[in-house]
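Student: This structure is in structure tokens; I'll ask about it shortly.
The values are calculated or read from the model by the stated rules, or taken from the named source; none is laboratory data. Predicted, not measured: the structure shown is a model, and the values here were computed from it. Because the Cβ atoms are built from the backbone with ideal geometry, glycine has one as well, and the counts that use them run over all protein chains shown.
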Amino acid sequence: MRILISGGAGFIGSHLTEALLAAGHHVIVLDNFITGRPGNMEDYRGHPEFEFHEHDIVEPFTGLTAPVEAIFHLASPASPVGYSAHPIETHLVNSVGTHNMLKLARQYGAKFLVTSTSEAYGDPLQHPQREDYWGNVNPVGPRSCYDESKRFSESLTMEYFRQFGLDARIVRLFNTYGPRNDPQDGRVVPNFINQALEGRPITIYGNGSQTRSFCYISDLVRGLQAAMFAEGTKGEVINLGNPDERTILDFAETVRRICNPEAPLVFQPGRVDDPNQRCPDITKARTRLGWEPEVSLEDGLLKTIEYFRSQAGQRQLKEKSV
Ligand code: UDP
């Protein structure tokens, strides 16, 4: 199958690319590197079925040489640090960019999947969050460039499904982690691991009682493929995440125990509009897709820590050689 991935040089997109190449597909990646990284594609850049175009999808993409059969639309800054640094670009990619991808899918009659987010639920008043919960979003706060533009992206996708019968589905991704997490994007997993590995204080924002549920990347990538290709997902909204909910304080202690028991914990001011609790209800993914996460937090963390250790080793080698 010929498959296009927007945002394919990002953390999740690069793992999805690898999985689709391994399954024998031809994969066309579009990315403008606003938060994606060329280094994420190093492991498969020479693969004969891999095609890359540096392209901002806010502009229409006209570089296809043959039709595509499926479009995974992942492009968007996704970390609070990433979208706060690029709020207008975030609005545009999730509005105009989504529209461009929907038009492309319609033109070729391709299946379409858009990655939305648990942020669509805002600071949720329902717990755990089910897909039919409408959310509690601050429409003008600092996170709104992401939350509201993703909600717009969902709404536009549903119009293409309703008006044109597009074979489209929406997945709401909860916190995901693993190798290729950008160490600079300020997310809690790379922050805590790198702080602990380097013996720096582990920075907890607020009192650490807020919760998150962390899904390992290989589980998520299986979920994305199931949501795209399983029967009966057309027009559906599906949560993908790991319901193993932890407080941020508990998570900090877990990372410290595994990486460096000497690392101190420091408490810093909380982020504005930081959701208090977040945990997916994955009943729908379980029943419709036969999907559920398999990798425990401890196992996933070990793999992620190994990746960050090897990155630090490579940096040291480079520094020595110059
Ligand atoms: N967080 C933290 N210390 C950090 C980075 C993040 O305590 O160094 C907290 C953050 O306030 C939030 C949670 O960890 O409550 C997850 O933050 P992240 O940026 O990973 O993503 P979010 O789930 O907020 O989109």
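Student: Sort out which residues of region 1-28 are aliphatic (A, V, I, L, M), buried (at least 19 other Cβ atoms within 10 Å of the Cβ) and farther than 20 Å from Thr90 by Cβ, and write them in order of number.
Tutor: Across region 1-28, the qualifying residues are Ile3, Leu4, Leu16, Leu20, Val27, Ile28.
Student: If you take the residues of region 77-91 that are in contact (Cβ under 8 Å) with a residue 40 or more places away in the chain and surrounded by fewer than 19 Cβ atoms within 10 Å (Cβ to Cβ), which of them is nearest to the ligand (Cβ to nearest atom)?
Tutor: Val81
Student: Now, a different point. Can you tell me which residue among Ser218, Ser144 is within 22 Å of Gly7 (Cα to Cα) and free of Cβ contacts under 8 Å to residues at least 24 places away in the same chain?
Tutor: Among Ser218, Ser144, only Ser144 is within 22 Å of Gly7 (Cα to Cα) and free of Cβ contacts under 8 Å to residues at least 24 places away in the same chain.
Student: Test each condition in (1) surrounded by fewer than 21 Cβ atoms within 10 Å (Cβ to Cβ); (2) more than 16 Å from the ligand (Cβ to nearest atom) for Ser153 and report the one that comes out false.
Tutor: Failed condition: (1).
Student: Which pairs have Cβ atoms under 7 Å, sit 6 or more apart or on different chains, and link a residue in region 192-207 that is in contact (Cβ under 8 Å) with a residue 24 or more places away in the chain to one that is within 6 Å of the ligand (Cβ to nearest atom) and assigned to a loop (DSSP other than H, G, I, E, B)?
Tutor: Tyr205/Arg271; Tyr205/Asp274; Gly206/Asp274
Student: Restrict the check to region 36-46 and report whether at least one residue is more than 22 Å from Glu148 (Cα to Cα), small (Gly, Ala, Ser) and either surrounded by fewer than 19 Cβ atoms within 10 Å (Cβ to Cβ) or modelled with pLDDT under 95 (or both).
Tutor: Yes, that holds for at least one residue.
Student: Taking Asn100, is it touching a residue at least 12 places away in the same chain (Cβ under 8 Å) and within 16 Å of the ligand (Cβ to nearest atom)?
Tutor: In short, no.
Per-residue answers, yes or no, for (1) surrounded by fewer than 12 Cβ atoms within 10 Å (Cβ to Cβ); (2) modelled with pLDDT under 95; (3) small (Gly, Ala, Ser); (4) over 29 Å from Gly206 (Cβ atoms):
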position	(1), (2), (3), (4)
Ala285	no, no, yes, yes
Glu292	no, no, no, yes
Leu297	no, no, no, no
Ala312	no, yes, yes, no
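Student: Let me ask you something else. Those residues that are more than 20 Å from Glu231 (Cα to Cα), among the aromatic types (Phe, Trp, Tyr) and either out of contact with any helix residue (DSSP H, G or I) (no Cβ under 7 Å at 6 or more places or on another chain) or not in a helix (DSSP H, G or I) (or both), I need them from region 58-107; list them, please.
Tutor: Scanning region 58-107 gives a single hit, Phe61.
Student: Within region 176-280, considering only strands (runs of 3 or more DSSP E) that don't extend past its boundaries, which have at least 1 residues that are near the ligand (Cβ under 10 Å from one of its atoms) and either under 18 Å from the mean Cα position of the chain (by Cα) or under 27 Å from Arg37 (Cβ atoms) (or both)?
Tutor: Correct list: 202-205, 211-213, 265-268.
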